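> Structure incoming, see below.
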Amino acid sequence: MATLKINKLNKNFGSTEVLKGINLDIKNGDFLVLLGPSGCGKSTLLNTIAGLETSNSGDILIDEHVVNNMEPSDRDIALVFQSYALYPAMTVRKNVTFGLEQRKTPKEKIVSALEEVSNLLQINELLDRKPSQLSGGQRQRVAMGRALVRDPKIFLFDEPLSNLDAKLRVEMRREIKKLHKRLKTTIVYVTHDQTEAMSLGTNIAIMDKGKIQQCDTPKNIYNKPLNKFVADFIGSPSMNLIEGTLNENHFTPKGSADIKIPLGDYNYKEKVTGQKNVYLGIRPEHVYFEKTNSNSFEINLKSELVEYTGHEQIITFNFSEQQFLGKFTSTIDIQMDKDLKLNIDLNQVSLFDKDTQNRI
Amino acid sequence: MKENNMQNFKELEKSSNTKKTIYRWILFIVLGIFALYYITPLYVMIVTSFKTMEEIRQGNLFAFPNSINLESWDIAWNGQGFSAGDVYLKTYFWNSVKLVVPAVIISTIMGAINGYALTKWRFKGDSLIFLLFLFGTFIPYQAILLPMSRTLGSMGISNSIYGLILVHVIYGLCFTTLFCRNYYISISDEIVKAARIDGAGFFKIFFKIILPISAPILVVTVIWQFTQVWNDFLFGATFTFGKEAPIQVALNNMVLTSSSVKRYNVDMAAAIIAGFPTLIVYALAGKYFIRGLTAGSVKG
């Protein structure tokens, strides 16, 4: 149970800047997910929080105490690794209790902590086995047990589910969520899987090129992305970003002057004057055949391609020579190479400045 | 048409079977010839060592001895009881044991620690240091003889087993470091990180976590170092003389200083005694080598 604060953290590997002025404020009991493409610095940030890497400048505070120069073992954190990092020569029991033994915890306390954790994670039957005799899911449980048994202030997870197969991953994801609900410990969780991030986190910090692009609740990240990168990164298939100009609350796509999409009801961050080059962001699921609410825009688009995925189908349309995707339920028949009447829900759109890439 | 096809297939199958058998036989014959080629000298050594000089002079190199005659083994091991100029292996065999055991243990442990530090505790300039170790493996024996004898002399441990241990540890360290480093680089760094978070330090992680999974590479370094140190003649002959010499030097002296007649049976027995420990190490550790290779592999 703790708070974690990160102030202006910088980290270089030689001349390459990996972290550039990271600021984070994580409250007690928060589940923060660090999400970003590979190479964005999220694992480095986690390792720096853990104390396995040193920062070049900036502060890390756990419970308001600066821990910059503290050893990893003194920070009272636990880290679950992607490869699980179990000690191959030790039994599961030894793996789980090794940390407690290093801390000279009394015997009785070790025994009771081990029992509690092995009951919680259902690894009682595995205690005398070696890691090589366990399946992927079981190793994952043991790795979590090793973290849980010390009852640390903060849990750190470094892509803990990426080595599991799809079915097991969904199961373990749910278990981690349950565990957090039950223990209410502060968690920092690194992943590159957006479904994992959305479903687990109370907050998500989207990272790219060593910077935090947006740190907010999953709902706000999804519905009100702060910039083009976040809009494009979150969502599958990703948001349609239509290039065009914004003039007096009307959007005109590039290359077709006769289309005017009224954006008078859009929630502008600041007043826009004059003409501006922008991207109009429309999520594929906010396109409908029937008119669903009064604030929607009707448009005729030519269907070009269908991708059937079982529970839904993704249709590629031609939006004045720009690619435009729509997501529909798979129960309806949609004709290809035909102009179709579509309704775009204007309550759900986003606008981004073409030059700054930021939300307008 | 169909009948015809069936016939054809049968014939093809038959001819490919014959081919297989022929290739098999060629393989076995070639392997047999090589095996014979390598085993013959050993056979000659063993039978000669049990013969009397009378039998040897008859010139039947491959013939069995008339009776098992252990006298030459006794002479090779214990000597003939002369008060002066009697050369035998007993003292020198134990010299070599006293040399090889600490030299192998120290160089193996230090090589393992080096490899562990170079891969799991990366520091500034670590790759340069590794490069120097790598370079060290290319230094020929002859190049270090003179500087080494000066060093041993100034340290006051020339002509002693301790000096020889030092020489072999230093010379072998490059090899053991190279072996261990290449093995540890394949072990996940996350294991060490996890142990650091659990509160273990440099040596605790090494002895409790890394060393127990190092069996395969330790067997390799032990075999390598044992063979090198036990079979070494040059360092032994250069840095020691008289009663301090290791067995290979004694063997050389024994064979070359026979006073009147060449005692082939004694020479053969002495050579077998000198080579025996290496054979034992290969026979014993080879088994663990394979076992260790399969048991040590833990992947995520």
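Any read-out appearing in this document is the output of simple, stated calculations on the displayed coordinates, not a laboratory observation. Quantities reported herein were computed from a predicted structural model and do not represent experimental measurements. Virtual Cβ from ideal backbone geometry, glycine too; neighbours counted across all protein chains shown.
> In which sequence would A:VAL18, A:VAL272 go, from the one with the fewest C-beta neighbours within 10 Å to the one with the most?
Fewest-to-most ranking of A:VAL18, A:VAL272: A:VAL272, A:VAL18.
> Grab the range B:2-73 and count how many Lys pairs have their alpha-carbon atoms under 30 Å apart, sequence gap of 8 or more, or different chains.
Within the range B:2-73, the lysine pair count is 6.
> Kindly provide the helix-only [θ] at 222 nm of chain A, computed as the sum of -39,500 (n - 2.57) over DSSP H runs of four or more divided by all residues, to the nearest 500 deg cm²/dmol?
Rounded to the nearest 500, it is -7000 deg cm²/dmol.
> Within the range A:267-326, report the chymotrypsin sites (Phe, Trp or Tyr not before Pro) that DSSP leaves as loop and that have at most 15 other Cβ atoms within 10 Å.
A:TYR268, A:PHE289
> Along its principal axes, what span do the Cα atoms of the protein assembly as shown show, with the longest given first and each in whole Å?
On the principal axes, the protein assembly as shown reaches 120, 89, 51 Å in Cα extent.
> If we count every other residue with Cβ under 9 angstrom of A:GLY58's Cβ, Lys/Arg +1 and Asp/Glu -1, where does the sum land?
With Lys, Arg at +1 and Asp, Glu at -1, the net is +1.
> Further, regarding this structure: Give me log10 I(q)/I(0) at q = 0.19, 0.21, 0.22 Å⁻¹ for the range A:192-296, Debye formula, one equal scatterer per alpha-carbon, no solvent.
Those come out to -1.09, -1.22, -1.27, one per q.
> Can you give the convex hull volume of the alpha carbon atoms of chain B per residue, in Å³?
242 Å³
> Please list the helices of chain B that count as membrane-span-like by this rule: a mean Kyte-Doolittle hydropathy of at least 1.0 together with Cα atoms stretching 27 Å or more along the helix axis, each helix being a complete DSSP H run.
Numbers: long enough: B:2-49 (70 Å, 0.15); B:90-120 (45 Å, 0.78); B:161-184 (32 Å, 1.21); B:264-295 (46 Å, 1.07).
The answer, listed by residue number, is B:161-184, B:264-295.
> Can you give me the three principal axis dimensions of chain A from its C-alpha atoms, in Å, biggest first?
Result, largest extent first: 78, 47, 35 Å.
> So who's got an amide H within less than 5 Å of the one on A:THR245, skipping anything under 5 residues away but keeping other chains? H placed 1.01 Å off N, in plane.
Amide H neighbours of A:THR245, under 5 Å, 5+ apart: A:THR252, A:LYS254, A:VAL278.
> While we're on this one: Show me the trypsin sites (Lys or Arg not before Pro) within the range A:226-282 that DSSP assigns to loop and that have at most 16 other Cβ atoms within 10 Å of their Cβ.
In loop regions of the range A:226-282 (DSSP not H, G, I, E or B), the sparsely surrounded trypsin sites (Lys or Arg not before Pro) are A:LYS254, A:LYS260, A:LYS269, A:LYS271.
> A further question follows. Which values of log₁₀ I(q)/I(0), to two decimal places, follow from the Debye formula for the range A:1-115 at q = 0.19, 0.21 Å⁻¹ with a uniform point scatterer at every Cα?
Debye intensities relative to I(0), on a log10 scale: -1.10, -1.22.
> At 4 °C and 1.567 mPa s, what whole-number value in µm²/s does Stokes-Einstein give for the translational diffusion of the range B:112-261, with Rh from the Kirkwood sum over Cα pairs?
73 µm²/s
> In Å, what Kirkwood hydrodynamic radius results for the range B:2-73 from the alpha-carbon pair distances?
Values: mean 1/r = 0.0611 Å⁻¹.
It is 16.4 Å.
> Using Cβ counts within 10 Å as a stand-in for footprinting exposure, how do A:ASP165, B:ASP86 rank, fewest first?
A:ASP165, B:ASP86
> Related question: Calculate the dipole size of the range B:2-73 relative to its Cα centre from +1 charges on Lys and Arg beta carbons and -1 charges on Asp and Glu beta carbons; express the result in debye to the nearest 20.
Dipole of the range B:2-73, to the nearest 20 debye: 460 debye.
> How large is log10 I(q)/I(0) at q = 0.11, 0.20, 0.23 Å⁻¹ when the Debye formula is applied to the Cα atoms of the range A:65-188, each weighted equally and without solvent?
Log-scaled intensity ratios, in q order: -0.36, -1.22, -1.56.
> Under a 5 Å amide H to amide H cut-off, with H placed in plane at 1.01 Å, what residues pair with A:ASN56 once short-range neighbours are removed?
A:ASN10, A:LYS11, A:ASN12
> I need two numbers for the range A:237-353: Rg to one decimal and Dmax as a whole number, Cα atoms only, in Å.
Gyration radius and largest Cα-Cα distance of the range A:237-353: 14.3, 46 Å.
> Another one. May I ask you to give the average projected area over all directions of the convex hull of the Cα atoms of the range A:122-188, in nm² rounded to one decimal? If you can, show how the numbers build up before the last one.
Numbers: hull surface 19.1 nm².
Over every viewing direction, the Cα hull of the range A:122-188 projects on average to 4.8 nm².
> If you don't mind, another one. If you average the sequence gap of Cα pairs under 8 Å that are 6 or more apart and divide by the length of chain A, what percent do you get for the contact order?
Relative contact order for chain A comes out at 16 percent.
> Exposure proxy check: B:PHE82, B:PHE239, B:PHE93 ranked by fewest other beta carbons within 10 Å? Don't jump to the answer; show the numbers that get you there.
On the way: B:PHE82 10, B:PHE239 23, B:PHE93 20.
Exposure proxy ranking, most exposed first: B:PHE82, B:PHE93, B:PHE239.
> Separate question: Any idea how far the Cα center of the range A:149-216 sits from the one of the range A:264-289, in Å?
32 Å
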